[in-house]
1. Taking all protein chains together and a probe of 1.4 Å, list T338, T155 from the most accessible to the least accessible.
2. Hey, which lysines would be in cross-link range of K105, C-alpha to C-alpha under 30 Å, not counting anything within fewer than 8 residues on its own chain?
3. Under a 1.4 angstrom probe, counting protein chains only, how are D56, D239 ranked by accessible area, largest first?
4. Would you mind getting the accessible area per residue of region 96-168, heavy atoms of the protein chains only, 1.4 Å probe, in Å²?
5. Determine the shape class of region 182-235: with a ≥ b ≥ c the square roots of the Cα gyration tensor eigenvalues, call it rounded for a/c under 1.5, and otherwise prolate if a/b is greater than b/c, oblate otherwise.
6. For E307 and T57, compute 0.36 nm times the residue count separating them, minus their Cα-Cα distance, and round to one decimal in nm.
7. Note the per residue figure in Å³ for the convex hull of the C-alpha positions in region 161-296.
8. Sorted by accessible area with a 1.4 angstrom probe, largest first, how do I116, I102 fall?
Amino acid sequence: MTTASPRLFRTAGVLFGAVLATLLTVSTSGAALGGVGNGSEAGAAVSARTDVFMKDTASDVGNEPHGAIYSSFFNSPDVKICPSAIECASHTNPVVGSTSYIFVKLRNPGPYGSGISSGTLRAYYTTSGGAANWPAHWTPIGSKSLPVAPGETVTSIAWPNVPSIGHFCLLLRWESETDPMNFEGTTTSINTQYNNNLAWKNANTVPATPGGPPVDRPYALANALPVPANFDLVFRPADQGAPNLKILVDLGPELFERWVRAGRAGDGVRVVGRTQLEVDPNKAQIRDLLINPEERPVVKLSFAVGEGGQKPYVLQVLQVGPAREGGEKFVLGGVDYTIVSGRG
């Protein structure tokens with residue numbers, strides 16, 4: 001499969017270790033872990049550490065770092081949006097202008113503590129996309145302070161007047177004095193995988209009418225580095241079988257021009273318009289998209305289902321790139337799109 005080379009995924013785990021070996025030299029691990037057993041007052045406080053966690057994936061048991069770096073660590077099963085204050089069965093797209101509710105499952109204990117934990121759950125949103133910088137790209141939604149007893153606690157945060165961009169990534173943070181963050185930098189993907197009290201929810205349902213007009217979705221890219229860097233946009237099917245699906249990517253004038261100057265690198269893509277590319281829904285990647293520091297270009301994804309429709313189909317659109325200057329590329333984040341065809 002050419003969407004992401006075997007070498008990319010083989011080296012991803014090694015790269016995470018190398019990156020974090022450097023990053024953690026300035027982490028808060030002393031406050032989170034280092035006081036245990038040293039006989040000091042700080043050590044006594046830390047020894048009573050609690051550990052509330054949210055799953056990154058269905059198999060996640062709270063270990064830090066979460067090892068499933070090839071999976072949808074950006075689509076937490078413990079977070080969902082519902083249209084009312086009554087918990088819904090599955091995640092739904094929020095309706096612009098409405099009050100939606102973010103339901104979160106908090107699990108206690110994780111592997112690093114025990115006992116009742118008291119803290120604050122905070123919710124943030126950003127434009128749907130592959131990567132986002134913390135905290136610059138995240139807008140607060142709301143918060144709730146509560147105790148979390150051993151077991152599973154489901155709570156919700158109201159999201160009034162959902163803004164007009166309509167399609168979002170969510171970030172949930174459990175903040176507690178007895179359950180501190182292990183490490184936080186500017187890269188949301190690394191923060192999420194190295195803190196079990198962070199959860200990222202990037203999932204979107206795309207209802208498309210067979211033979212009807214395309215459905216558009218925004219997709220934001222980001223660069224957390226202090227220097228310009230090249231990133232790839234990777235299309236990876238989570239399901240088997242060739243879908244009856246057409247996908248267009250509009251890079252916009254500036255990003256398209258940068259891609260052309262870089263040599264039009266990619267697999268499973270062809271230029272079909274002034275700034276548009278058609279991508280193979282089975283295997284595609286647009287390589288070497290230059291993004292400057294603190295820049296956040298938004299590309300437009302268009303999904304169209306042919307006549308006859310298809311069964312629901314899950315497509316991952318990933319941003320792949322370096323987490324340090326000159327470093328190798330790995331998955332920084334993405335969105336799981338579920339394309340559902342039907343009339344009406």
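1. The ordering from most to least exposed comes out as T338, T155.
2. Hits, sequence-local ones excluded: K55, K80, K144, K201, K311.
3. From most accessible down to least: D239, D56.
4. On the way: 2970 Å² over 73 residues.
Per residue, region 96-168 has an accessible area of 41 Å².
5. On the way: a/c = 4.17, a/b = 1.75, b/c = 2.39.
Here region 182-235 falls in the oblate category.
6. Extra length from E307 to T57 when fully extended: 86.6 nm.
7. Convex hull of Cα atoms, per residue: 162 Å³.
8. I116, I102
The values are calculated or read from the model by the stated rules, or taken from the named source; none is laboratory data. Please read these numbers as outputs of a predicted model, since none were measured by experiment. Accessible surface is based on the protein model in full, side chains and every heavy atom, while ligands, DNA and RNA are left aside. Shrake-Rupley method; radii C 1.70, N 1.55, O 1.52, S 1.80 Å.
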